[in-house]
Each structure stands twice: as structure tokens, then as C-alpha cells.
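What follows is one structure encoded as C-alpha cells, with my remarks underneath.
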Amino acid sequence: MESPCTNICTLRDDGLCAGCWRSLDEIVAWSALTSAERLGIMAELAARAAAATDEAVISNFPSAG
């Protein structure tokens, strides 16, 4: 299974990556997880993204200008 990584590796205040919505523990363990464990995490990612506020995501990126 491919990784959900989007190469936007910025941890938010809630501990989730702003790019792929995984926790740091999930990112570190990804290659050692079983396919079933990876599928379980993948199934949660869309809900995590939907639950996040745009402000929380944007606050972790440097401001332009």
C-alpha cells in the first residue's frame, strides 16, 4: 500500500500532519504496520481532515510576505 504522504510535512497543534492527517506515531510506524492497520488509518484520514478547521491548518504555515 502506498503512503498517504503529500510531502507537506508540517505537524499541527493537534499533533496531526497538515498534509496527510496522520499522527507522528503513525508516520514513524507506517512501514512496519500491517496492510490491515494501514487500511484502518487510511479510512480515518478523510474524517480527520473534515474535522479540522482551516484556521488550525493555516496557523502552522509561515505567512506569505
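Assorted remarks:
- Flag for S23 being at pLDDT below 95 and among the polar types (S, T, N, Q): no
- Restricting attention to the stretch 33-61, the residues being among the aliphatic types (A, V, I, L, M), open to solvent by less than 70 Å² (accessible area, probe 1.4 Å), within 19 Å of D14 (Cβ to Cβ) and modelled with pLDDT of 80 or more number 5.
- Residues that are in contact with a strand residue (DSSP E or B) (Cβ under 8 Å, 6 or more places away or on another chain), open to solvent by less than 40 Å² (accessible area, probe 1.4 Å) and closer than 15 Å to E2 by Cα within the stretch 20-32 comprise just one, R22.
The values are calculated or read from the model by the stated rules, or taken from the named source; none is laboratory data. Quick caveat: nothing in here was measured; it's all calculated off a predicted structure. Reconstructed Cβ throughout: ideal geometry from the backbone, glycine too, with neighbour counts over all protein chains shown. Accessible surface areas use protein heavy atoms only, side chains included; no ligands, DNA or RNA. Shrake-Rupley method; radii C 1.70, N 1.55, O 1.52, S 1.80 Å.
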